[in-house]
Amino acid sequence: MDGYIVVLTTAGSREEADKLSRGLVEEKLAYCVNTVPSVQSTYYWEGKLCVDEELLLIIKTQGAKYTALESWLRKSHSYDVPEIIALPIAQGSDDYLKCIDKWVG
């Protein structure tokens, strides 16, 4: 993946969201992680419809970091199948994108 991406994942608790956010930035897999509290997730899992309160993590990084970021999330996340979805950043301020490059590059 070239360019810059936003990766979305969810966490079931504030503690896990903090652990994941800090770990991603400390490992230089992400420049910034925003945590959005209290999102309601409705999904189908193990034969039943589930509705849970979760926290949404919005992760900004370089596309080239995706594979390592996904691997780290899979190892560090408490969920058996965590949501890990990457979206391209079509445009962004040059100053902010340079910050991403300085930290994760």
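Since every read-out is calculated from the coordinates, none of them should be taken as a lab result. Since we're looking at a predicted model, the values are computed, not measured. Cβ sites come from the backbone with ideal geometry, for glycine too, and all protein chains shown count toward neighbours.
What to note about this one:
- Only a single criterion out of (1) in a strand (DSSP E or B); (2) under 13 Å from the mean Cα position of the chain (by Cα); (3) not aliphatic (A, V, I, L, M) is not satisfied by D52, namely (2).
- Residue count for the stretch 65-105 satisfying the condition of being loosely packed, with under 13 Cβ neighbours inside 10 Å, more than 16 Å from C32 (Cα to Cα) and touching a Gly at 6+ places or on another chain (Cβ under 8 Å): 1.
- Qualifying positions in the stretch 10-42 - loosely packed, with under 11 Cβ neighbours inside 10 Å and either of a type in the set (S, T, Y) or in a strand (DSSP E or B) (or both): P37, S38, Q40, T42
- Some residue of the stretch 67-86 being under 10 Å from Y4 (Cβ atoms), touching a residue at least 60 places away in the same chain (Cβ under 8 Å) and either out of contact with any helix residue (DSSP H, G or I) (no Cβ under 8 Å at 6 or more places or on another chain) or part of a loop (DSSP other than H, G, I, E, B) (or both): no
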